[in-house]
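Worksheet: one structure, shown below.
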Amino acid sequence: MKILVVGSGGREHAVIKKIKENPSVETIYALPGNGGIAGDAVCVPVAATDIDGIVNFAVENSIDYAVVTPDDPLVLGCVDALEAKGIKCFGPRANAAIIEGSKVFSKNLMKKYGIPTARFETFDDMSKALEYLETAPIPTVVKADGLALGKGVVIAETRDEAKEAVVSMMQEKKFGASGLRIVIEEFLTGPEVSVLAFTDGKVVKPMVSSMDHKRALDGDKGLNTGGMGTIAPNPCYTKEIANRCMEEIYLPTINAMNKEGRTFKGCLYFGLMITGDGPKVIEYNCRFGDPETQVVLPLLESDLLTVMQAVTDGTLASCDVRFSDKSAACVIMASKGYPSSYEKGFKITIPDDILPHVYVAGARLSGDALVTSGGRVLGVTYVADDLRKALDASYKAVRSIHFDNAYFRSDIGARALALKED
Ligand code: AMP
Ligand code: GLY
């Protein structure tokens, strides 16, 4: 089979390495991929948002199956466009990807169908939003409606901060059209859990739970990033919580999307907060999380391509989706200064025995050498019998990988370990 994977991050590298385990796979093309992915797939310089370019490539190269993982092409209708040419795909159509593409949509969906989430108001008029903030409970959370590279959420500790966020989104258009409508919602507290789930619109098969570390610096300090490391499973996600999530969140969400005529097929990401009132949805993503995928897929014992095809064909109910009961840890190595400004172009050296554990995100080839080209450069994942061993192995490997200005958090998994050992 010829497989096409759209995207260029560590998540796509993890998907590609896992798909490669299927013996019927002849070639995997990554559009556009990156310098590290080039070791596992044929990289083709077509941007992930160039829907026409992706469709033309797929048709010209007789692609058998396409996997679309980033949010932008999904929201732009990449799956719809490929399907229109008869190409089978993994990923939701645009009318379902809106569950991530519009927070106003997803919040209204949850309200309409009684799915637990933070209380909220939506605004498309700035003066009304500012007036509401005069009496809103503080802290409060201001969210841009549309995609904003993961930066469209402001946790405001004061009324002034909240107002500033509203003005920057609605008047200064910091996120362009994405911030012209906003959600202002209740600030929730509790541990966060990420759960990715396969769904064909009929059944939901959740993957092993995980925990992201979004802040740049140790001790959850510093700016929000795309994610500095992950561990799986998440110790806060007990069997009891998992059962409640299935009944109160996962199935109601799938059913709600069906009732709205927006059947969701693909990987649905539930960003959850376990509050004193039970689990609540913080956000939905219409795709695999990054870097959650880098710890979840290494624990998948079933064949990924077979599961994806079952999602496409609507036969997920009879498909085995099995996870190992081991633990996984992924430590991200970033360029110093990320997520603000950082230098790039530094040569990366990775010992050969570690390469199978490395998922490359921000690197390009310069001749034969791999050099840094992004903020998050790569992630290193190890699987072991317990979390402590997985973390030790990942950190040992990280310390043997070199590039100038490398930065990584030294406390990935520390909170999870403390919880487990309580
Ligand atoms: P999002 O982009 O929606 O995932 O939000 C980014 C991060 O902001 C989440 O992972 C949470 O840590 C935090 N966050 C979002 N919404 C809330 C909320 N209602 N209460 C508390 N924290 C939140
Ligand atoms: N790790 C969070 C996300 O992929 O959006």
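The values are calculated or read from the model by the stated rules, or taken from the named source; none is laboratory data. All values derive from a computational prediction rather than experimental measurement. Heads up, the Cβs are rebuilt from the backbone with ideal geometry, glycines too, and the neighbour counts pull from every protein chain shown. Just so you know, the surface numbers come from the protein's heavy atoms only, side chains and all, with ligands and any DNA or RNA stripped out. Shrake-Rupley method; radii C 1.70, N 1.55, O 1.52, S 1.80 Å.
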Task: region 391-404: number of residues that are open to solvent by 30 Å² or more (accessible area, probe 1.4 Å) and within 21 Å of Lys214 (Cβ to Cβ) - done: 0
TODO: Can you tell me which residue within region 177-222, out of those that are assigned to a helix (DSSP H, G or I) and within 16 Å of ligand 2 (Cβ to nearest atom), is nearest to Ile241 (Cα to Cα)?
DONE: Asp220
TODO: Give the residue that is nearest to ligand 2 (Cβ to nearest atom), with candidates limited to residues of region 270-284 that are farther than 11 Å from Ser194 by Cα and either assigned to a loop (DSSP other than H, G, I, E, B) or open to solvent by less than 10 Å² (accessible area, probe 1.4 Å) (or both).
DONE: Pro279
TODO: Looking only at region 134-147, decide whether some residue is within 16 Å of ligand 2 (Cβ to nearest atom) and in a helix (DSSP H, G or I).
DONE: no
Open item on the list: Looking only at residues that are among the hydroxyl-bearing types (Ser, Thr, Tyr) and crowded, with 18+ Cβ neighbours inside 10 Å in region 285-333, which one is farthest from ligand 1 (Cβ to nearest atom)?
Closed with: Thr312
Task: Identity of the residue in region 1-19, out of contact with any Leu (no Cβ under 9 Å at 6 or more places or on another chain) and outside any helix (DSSP H, G or I), that ends up surrounded by the fewest Cβ atoms within 10 Å (Cβ to Cβ) - done: Lys2
Open item on the list: Just to be sure before I move on: is Gly278 modelled with pLDDT of 95 or more and out of contact with any strand residue (DSSP E or B) (no Cβ under 7 Å at 6 or more places or on another chain) in the structure I sent?
Closed with: yes
TODO: Output the number of residues of region 299-358 satisfying the condition of being of a type in the set (A, V, I, L, M) and within 20 Å of the chain's Cα centre (by Cα).
DONE: 15
Task: Residue pairs meeting the criteria (Cβ under 6 Å; at least 6 apart or on separate chains; first under 27 Å from Arg119 (Cβ atoms) and aromatic (Phe, Trp, Tyr), in region 275-298; second open to solvent by less than 10 Å² (accessible area, probe 1.4 Å) and more than 10 Å from ligand 1 (Cβ to nearest atom)) - done: Tyr284/Ile99
Task: helices (runs of 4 or more DSSP H) wholly inside region 60-124 containing at least 2 residues that are surrounded by fewer than 23 Cβ atoms within 10 Å (Cβ to Cβ) and more than 16 Å from ligand 2 (Cβ to nearest atom) - done: 78-84, 94-101, 103-113
Task: strands (runs of 3 or more DSSP E) (entirely within region 313-422) containing at least 3 residues that are under 22 Å from Asn234 (Cβ atoms) and out of contact with any Asp or Glu (no Cβ under 9 Å at 6 or more places or on another chain) - done: 327-335, 376-384
